[in-house]
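*Asks:* Handing you a structure now.
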Amino acid sequence: MEGRTYRLRYRVLNFVGWSTYSPVLNVLVATVPSKPAPVALISATQQSISLQFSESLDNGGSEILAYELWMDSGYGTAFTQVSSYTDNSF
């Protein structure tokens, strides 16, 4: 079941008897989260653009730890990761 942590331990048996148990193993059943909702333009001026997106609808069974923002400069170059961006060329 997605989002559930299972605790496991095991031991083995041979002709002489049972071994001791292994250390407890914790397994979180999770998958990759869904992508966030599309970005919405909140406001735009000649100096700034404010964007907003909603959280992922499905976290895959594990807490979301971070989001990334990637931006294309508009000149057909590769996308680059940004945490914030200010264009002072206006």
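The values are calculated or read from the model by the stated rules, or taken from the named source; none is laboratory data. Keep in mind that this is a model prediction, so the values were computed, not measured. All Cβ positions, even for glycine, are placed from backbone atoms using ideal geometry, and neighbour counts span all protein chains on display.
*Asks:* Identify, please: which residue in the range 58-69 is at pLDDT below 80 and under 30 Å from Arg7 (Cα atoms) and is, among those, surrounded by the most Cβ atoms within 10 Å (Cβ to Cβ)?
*Replies:* First, the residues of the range 58-69 that are at pLDDT below 80: 66-69.
Now narrow it down to the ones that are under 30 Å from Arg7 (Cα atoms): 66-67.
Values: Ala66: 4, Tyr67: 10.
Taking the candidates together, the pick is Tyr67.
*Asks:* Still on this model: For the range 2-17, which residues satisfy the criterion of being on the phi < 0 side of the Ramachandran plot and within 19 Å of the chain's Cα centre (by Cα)?
*Replies:* Glu2, Arg4, Thr5, listed by residue number.
*Asks:* I'd like to check something: does the range 1-8 contain any residue that is at pLDDT below 75 and surrounded by 11 or more Cβ atoms within 10 Å (Cβ to Cβ)? Please lay out each step first, then the result.
*Replies:* Step one: of the range 1-8, the residues at pLDDT below 75 are none.
Checking the range 1-8: not a single residue is at pLDDT below 75 and surrounded by 11 or more Cβ atoms within 10 Å (Cβ to Cβ).
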